[in-house]
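To keep things clear, I will list the structure first and then write my remarks on it.
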Amino acid sequence: MTVEVNPEAIAPSSSAAQDRQAYLAHLLVQRPSMNGLDEVRDRALSIAQERGLPSHRDEDWRFTDLSALYQTSFTAPTSTALALQDIDAFILAEAPVRLVFVNGFFAPDLSATDNLPAGLSVSTLADVGNLVELGQQPGMTEVFTALNTASFADVALLRIAKNQVIEAPIHLLFLTTGDTPIITSPRGLVVAEANSAATLIEEYVAVKADSYFTNAVTEVCLGQNAQLHHHRIQREAKTAFHIGKTAVSQDRDSRYALTSLSLGGQMSRHNPMVVPTAGQTDTTLNGLTLAVDKQVADTHSDLSFTGPHCTAQQLHKCIVDDRARAVFNGKIFVPKLAQQTNASQLSRNLLLSTKARVDTKPQLEIIADDVKCAHGATVSQLDDEEVFYLQSRGLDHNSACDLLVEGFASEIIDQLPIAEQRQTLLNAVLSQIR
Amino acid sequence: MIIENSDVILSVRNLTADVDETPILKGLNLEIKAGEIHAIMGPNGSGKSTFSKVLAGHPAYTVTGGEVIYKGQNLLELEPEERSRSGVFLAFQYPLEIPGVSNLDFLRVSYNSKRQHEGLEELDAFDFDDLVRERLDVVKMDPAFLDRSVNEGFSGGEKKRNEILQMALLEPTLAILDETDSGLDIDALKIVANGVNQLAEPDNATLMITHYQRLLDYIVPDFVHVMAEGKILTTGGKELAQELEAKGYDWVKAEDAAEVAV
């Protein structure tokens, strides 16, 4: 398969735009070769080229500077063999089904797919050949998403059959390894058929890697009355770049709950995009962002209703220390059709240093006239009175501050299904702010 | 109870303190011995709560003069947590809510910080659970409160009971109750007072700060001090509280003024 990467596809209007066009061409050259899905990949390639890479002049990227990314050259990902002991720290005993991808390539030796519970099928491109559901979710024409579609090396496919309830969490582990800076394009697709229920832990980690670029996309398709508890944990290397899309469609009566943790990466961005395609759905979007040192961590969520009687609740929390910066933009669209919507959004932010910064923006667009929509945002520092209260009970100053941050973070972390992992992540948060 | 020749627990001499460079305490003297229950009464703005916070080491208050000796050591040199670990306990007028931190975890961390200070082994979750359940009885508290976030969504009475539960666990040498009775209905007041009475022993002492005489019907003090303008104006027995209730604070102020005039 050969597709010409043409940097002249759109006449650039300025030298900066030319540079971005050239950079996109550079990224597209790093696409691993693969068999199958040519049409999907070629179409995505054209979309990416048409769209072009954003700059801070684009409203959606106003607060997040991509110039450090644009100045870094990446090479194509290669399939790298790791031993099971290399990933020991990430294995969750309570999630017996595990799909592991190394640099975007499926790693069967690291995965655990024997003894699948009834109703769950897991597969990769090699098993299925063509995937009709791929690329059907909302937001596929956004440039980084199109870049992923044009570039992925494999796809993790999870299918939960009609009426089946999968009790144990399913673990999807995307890890990056290697000394050379690579661009990887992890791709997931979850299809939950009508009346099914499952819990997914989707995790991004690094094993002996520093500078790399993860451009991830996971699509979720929920059938009627289906339920998915989706836990997305981004703990890339501190020097990495991470841009991720979670694209979800919800059919009538379905329930989707996302817990998203963003801890790693020098620059990270997560775009959860949820479209209930019918009425009576329930959506929960919760997130915790930790940004320290000079990290920039951005979350842009987008929830667009299309039918009546839907409920949604969103709580996004940021802990920002040192000179780091967090961004939250929460868009909720309630069109005329979406009467009787009941939605709430809260953005809570804890700044631990005077140089830390958060930009938070609720963006509610409400056309329907019979709805309940609430939103709020708070930005605060640790409360001196609370610290004193804990000190007066025998905790030293640092322990008191830790406990308060722990309380702030726990509200989100406690939603993760596995106690051992909750503790690991809480420790990871606390170790960063000390 | 007043015990002959018992140890001095707290000795405050000529204490002065500022908040935001405004003098609040203006030469306060007080001595508390083991076994005693003291009450400080006074009108709003007399400096009662400031005094309690200075004793606990609140950073917003600056001591500008005088001394506070607690069990033979200079209390003012100690960090708030060191004061707590060495047995000074302040029950807050407005206990703070700590969202996301379970009451049980908070109590255990607090209890173990004192154990560690005393060179004792920390209690593990199981042993502590047994201990805390036993102490719940002191304030008739529902065990369900242990699993909730510290004080979050607690009623006023529940917060004050939670303070006394902490006191029951920490077993302080000097317990300072800052308006613990404020805002309590009579049933909650009885429970809180009963808890405090159960914890009073010959080797510890209690200092109550209150605006109302009502509390002193349930926790009977050995000494009542009347405070105004940042110092103690007069000291008496429990009957002084009743006199104050009948005549109001202006009576003490007038008497004080008369004394000065003589």
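The values are calculated or read from the model by the stated rules, or taken from the named source; none is laboratory data. Nothing here was measured: the structure is a model prediction, and the numbers come from that model. We place every Cβ from the backbone using ideal geometry, glycine too, and count neighbours over all the protein chains shown.
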Item checked: Residue among A:259, A:341 that is surrounded by fewer than 24 Cβ atoms within 10 Å (Cβ to Cβ) and at pLDDT 95 or above -> A:259
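Just give me the residues in region B:202-227 being surrounded by fewer than 21 Cβ atoms within 10 Å (Cβ to Cβ) and part of a strand (DSSP E or B), in sequence order.
B:223
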Next item on the list: Name every residue in region A:385-398 that is surrounded by fewer than 16 Cβ atoms within 10 Å (Cβ to Cβ) and either within 13 Å of residue B:112 (Cα to Cα) or within 34 Å of the chain's Cα centre (by Cα) (or both), in order of residue number.
Entry: A:398
Margin query: Suppose we filter region A:68-105 for residues that are part of a loop (DSSP other than H, G, I, E, B) and not polar (S, T, N, Q); how many remain?
Written below: 13
Notebook entry, point to check: Are there any pairs, at least 6 apart or on different chains, whose C-beta atoms fall under 9 Å, with the first in region A:169-198 and on the phi > 0 side of the Ramachandran plot and the second assigned to a loop (DSSP other than H, G, I, E, B) and surrounded by 24 or more Cβ atoms within 10 Å (Cβ to Cβ), and if so, which?
Noted result: A:178/A:77; A:178/A:103; A:178/A:212; A:195/A:226
Item checked: Test for residue B:122: is it of a type in the set (Asp, Glu) and either away from every other protein chain (no Cβ under 14 Å) or under 24 Å from residue B:57 (Cα atoms) (or both) -> no
Margin query: Please determine whether any residue of region A:262-284 is out of contact with any Asp or Glu (no Cβ under 9 Å at 6 or more places or on another chain) and under 21 Å from residue A:416 (Cβ atoms).
Written below: yes
Margin query: Condition (residue is outside the structural domain of residue A:146 (by TED's automatic domain parsing), in a helix (DSSP H, G or I) and more than 21 Å from residue A:152 (Cβ to Cβ)) applied to region A:23-34: is it met by at least one residue?
Written below: no
Check: Which pairs have Cβ atoms under 7 Å, sit 6 or more apart or on different chains, and link a residue in region A:415-434 that is free of Cβ contacts under 8 Å to residues at least 40 places away in the same chain and crowded, with 17+ Cβ neighbours inside 10 Å to one that is assigned to a helix (DSSP H, G or I) and of a type in the set (S, T, N, Q)?
Finding: A:426/A:410
Checklist line | Output for region A:379-413, where each listed residue is in a loop (DSSP other than H, G, I, E, B), in contact (Cβ under 8 Å) with a residue 24 or more places away in the chain and facing chain B (nearest Cβ under 8 Å) | finding: none
Next item on the list: Quick one: residue A:246 ticks every box in (1) touching a residue at least 60 places away in the same chain (Cβ under 8 Å); (2) surrounded by 23 or more Cβ atoms within 10 Å (Cβ to Cβ); (3) of a type outside the set (A, V, I, L, M, F, W, C); (4) touching an Asp or Glu at 6+ places or on another chain (Cβ under 9 Å) except a single one, so which number is it?
Entry: (1)
Checklist line | Scan of region A:196-221 for residues that are closer than 17 Å to residue A:184 by Cβ and hydroxyl-bearing (Ser, Thr, Tyr), ordered by number | finding: A:204, A:211, A:212, A:214, A:218
Next item on the list: Identify, from the list A:287, A:330, A:307, the residue that is crowded, with 18+ Cβ neighbours inside 10 Å, more than 25 Å from residue A:63 (Cβ to Cβ), in contact (Cβ under 8 Å) with a residue 40 or more places away in the chain and assigned by TED's automatic domain parsing to the domain that holds residue A:199.
Entry: A:307
Notebook entry, point to check: For residue A:64, are the conditions met, namely being within 30 Å of residue A:360 (Cβ to Cβ), in contact with a strand residue (DSSP E or B) (Cβ under 7 Å, 6 or more places away or on another chain) and either at pLDDT below 95 or surrounded by 13 or more Cβ atoms within 10 Å (Cβ to Cβ) (or both)?
Noted result: yes
